[in-house]
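Student: Just passing along the structure, written as structure tokens.
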Ligand SMILES: [Cu+2]
């Protein structure tokens, strides 16, 4: 039977960010193509049969993106972005979170099922300059491409813009048995997609670029590389695509419409490969695709595009023929029935610009907006109340869990949404149902992942609780954070710039 190949982006075209009043088009940079940077794997401080120990350091440095001056940047164990962190399912993991920045930050494990709010690393878990916090958790979820990024309120966007984001790979025994490329840096390639604006002397200036609907820049970066190319030395290559941008959507396709197979989404491997020539990735989403370059010859160049802009060249080198076929079935996704007698949780994502809100309210760190019993399986119904005519896709993200997508406006989900997700793009005017279970207790944030929207208040928090073991949480407040930023910046608290507040 011929495989179905999808040739559209699934999302509603009128909602693409290219139609925004403030859209900033990508401009092909006037620099020679450079080899795609492959972030090194973070070496564990120590490993035993059951435990891994890591130190993750947030640091400031400079990075050469463009000819001329280096750019002042932040990163994790790196000058910009970070080293890639590998977790192993079932292992006890111990991490020192070290802050060598001049400003408080948090370390949020996007997509990782760990206790909130402290281990999860949202706004309640600041690490102050010069300090080190320690977290321990057991990795209890399938193999997936996740990420680490800063998440302090309301400075997530500015800290990510400076570089605080890096890929996290979870490995397990199930994925290890699948015929997928997994030689990191050779045929298993991280691709962190971002855009940046370069000002005088090649510097970032987040405040100058600020837009409450999301900051964008004219220059695309892949793993921090401007105008990258990648040498293809194996017939099949797996790309772990992460939208690490503040606001930009990526509509990816090859210049010659080469078809590829999506094999994983945010939370892990899909039940079956999805064959496609185009894929749209909204903020914070991950898509793993396997590209078969078998029909090309040495010297050919295939270009990965986003809309009409070239993003990364794939230069075909000599490789050994590989006739490995992807199986029709990859993994089973656990499909649990909703817990009886628990009502559907209704959520609205409201507004644009400074008016953004969630269920009509701005985020308040001290307010717990909802409660859900641990291990209950609950349907959440998320409605984007923007107008279908001129609204935007809001990527809805829940901390501390991987959910399944049930329906879009009562109809089927997109073909690549049958796996586990932690972020789902909701079109303007649309209602998306998802099924959410928290396996751990804690306080977890849920929000739009256009980062300026979350900083602007399109965010709320839920307590996953165990009735037999009630807990109280120390929740951060804005005054404490404002005073801390003021002290670090040497200004009065009222003079601290807090975008979105
Ligand atoms: Cu939004």
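Student: To the nearest 0.05, what FRET efficiency results for residue 27 and residue 132 with a Förster distance of 45 Å applied to their C-beta separation?
Tutor: Details: r = 41 Å, r/R0 = 0.91.
Approximately 0.65, to the nearest 0.05.
Student: Moving on. Counting only C-alpha contacts under 8 Å and six or more residues apart, can you give the relative contact order of the chain as a whole percent? Before the final figure, lay out the partial values.
Tutor: Numbers: 1354 pairs, mean separation 79.7, N = 501.
16 percent.
Student: Based only on Cα atoms, what Rg/Rh ratio does region 188-316 have, Rh being taken as Kirkwood's radius? Before the final figure, lay out the partial values.
Tutor: Numbers: Rg = 15.4 Å, Rh = 15.5 Å.
On the Cα set of region 188-316, Rg over Rh gives 1.00.
Student: Multiply the residue gap between residue 19 and residue 234 by 0.36 nm, knock off their C-alpha separation, and tell me the result in nm, one decimal place.
Tutor: Values: separation 215, 0.36 × 215 = 77.40 nm, distance 3.84 nm.
Contour length minus Cα-Cα distance gives 73.6 nm.
Student: Could you work out how far the C-alpha centroid of region 272-298 sits from that of region 374-394, in angstrom?
Tutor: Each part reduced to its Cα centre gives a spacing of 26 Å.
Student: Here's another thing I want to ask about it. I need the Kirkwood Rh of the chain: take the reciprocal of the average 1/r across all distinct C-alpha pairs and report it in angstrom.
Tutor: Working: mean 1/r = 0.0437 Å⁻¹.
With all distinct Cα pairs of the chain included, I get 22.9 Å.
Student: Moving on to the next point. Could you calculate the contour length gain from residue 332 to residue 47, that is, 0.36 nm times the residue separation minus the distance between their Cα atoms, to one decimal place in nm?
Tutor: On the way: separation 285, 0.36 × 285 = 102.60 nm, distance 3.04 nm.
In short, 99.6 nm is gained.
Student: Then there's this: Taking the Cβ-Cβ separation of residue 183 and residue 346 as r and a Förster radius of 35 Å, what is the calculated FRET efficiency to the nearest 0.05? It would help to have the intermediate numbers written out before the result.
Tutor: Details: r = 46 Å, r/R0 = 1.30.
E(calc), rounded to 0.05, equals 0.15.
Student: Quick check for you: which residues of region 1-30 have the amide N under 14 Å from the point 7 Å beyond the Cα of residue 387 toward its beta carbon?
Tutor: Inside the label zone: 15, 20-21.
Student: Here is a further query. Show that you can apply the helix-only estimate: for the chain, add -39,500 (n - 2.57) for every DSSP H stretch of four or more residues, divide by all residues, and state [θ] at 222 nm to the nearest 500.
Tutor: Details: 5 runs with 32 residues, N = 501.
One gets -1500 deg cm²/dmol as the mean residue ellipticity at 222 nm.
Student: How many angstrom lie between the C-alpha centres of region 444-470 and region 143-186?
Tutor: What the calculation gives is 21 Å, centre to centre.
Student: Also: Could you give me D for region 360-420, from Stokes-Einstein at 4 °C and 1.567 mPa s, where the hydrodynamic radius is the Kirkwood radius over C-alpha pairs? Units µm² s⁻¹, please.
Tutor: 89 µm²/s
Student: Using the per-residue mean of other Cβ atoms lying within 10 Å as a proxy for protection, in what order, highest first, do the peptides 44-53, 251-260 fall? Display every interim value, and only then the final one.
Tutor: On the way: 44-53: 12.6, 251-260: 17.7.
Taking the mean over residues of other Cβ atoms within 10 Å, the ranking is 251-260, 44-53.
Student: For a distance above 18 Å, tell me the whole-number percent of Cα pairs in region 18-138 that qualify.
Tutor: On the way: 4553 of 7260 pairs.
When every Cα pair of region 18-138 is considered, 63 percent fall beyond 18 Å.
Student: Still on this model: Just the number, please: percent antiparallel of the DSSP beta bridges in region 345-480, rounded to the nearest 5.
Tutor: Details: 28 of 37 bridges.
Looking only at bridges with both residues in region 345-480, the antiparallel portion is about 75 percent.
Student: Turning to a different aspect of this structure: Within region 355-378, list the residues whose amide N lies under 15 Å from a label point set 7 Å along Cα→Cβ of residue 339.
Tutor: 370-378
Student: Based on C-alpha coordinates, I'd like the Rg and Dmax of region 83-183, in Å.
Tutor: Expressed in Å, the Cα Rg and Dmax of region 83-183 come to 14.4, 45.
Student: In Å, the Kirkwood hydrodynamic radius of region 286-376 over pairs of distinct alpha carbons?
Tutor: Details: mean 1/r = 0.0502 Å⁻¹.
One decimal place: 19.9 Å for the Kirkwood radius.
Student: For region 345-480, what does the alpha-carbon gyration tensor say about shape, rounded, prolate or oblate, given a ≥ b ≥ c as the root eigenvalues, a/c under 1.5 as rounded, and a/b over b/c as prolate? List each step's numbers first, then the result.
Tutor: Working: a/c = 2.29, a/b = 1.20, b/c = 1.91.
Because a/c hits 1.5 or more and a/b fails to exceed b/c, region 345-480 counts as oblate.
Student: Next question. Given R₀ = 51 Å, what would the calculated FRET efficiency be for residue 325 paired with residue 208, taking r from the Cβ atoms and rounding to 0.05?
Tutor: 0.50
Student: Could I ask something else about it? Of all DSSP beta bridges located in region 76-169, what percent are antiparallel, nearest 5? Before the final figure, lay out the partial values.
Tutor: Working: 16 of 19 bridges.
Within region 76-169, antiparallel bridges account for around 85 percent of the total.
Student: In 5 Å bins starting at zero, report the fraction of Cα pairs in region 1-85 per bin as a rounded %.
Tutor: Taking every Cα pair in region 1-85, the percentages come to 3, 10, 11, 12, 11, 12, 14, 11, 9, 5, 1, 0.
Each reported figure results from applying straightforward, stated rules to the coordinates on display, with no laboratory input. These numbers come from a predicted model, not from an experiment. Here the Cβ is made from the backbone with ideal geometry for all residues, glycine too, and neighbour counts use every protein chain on show.
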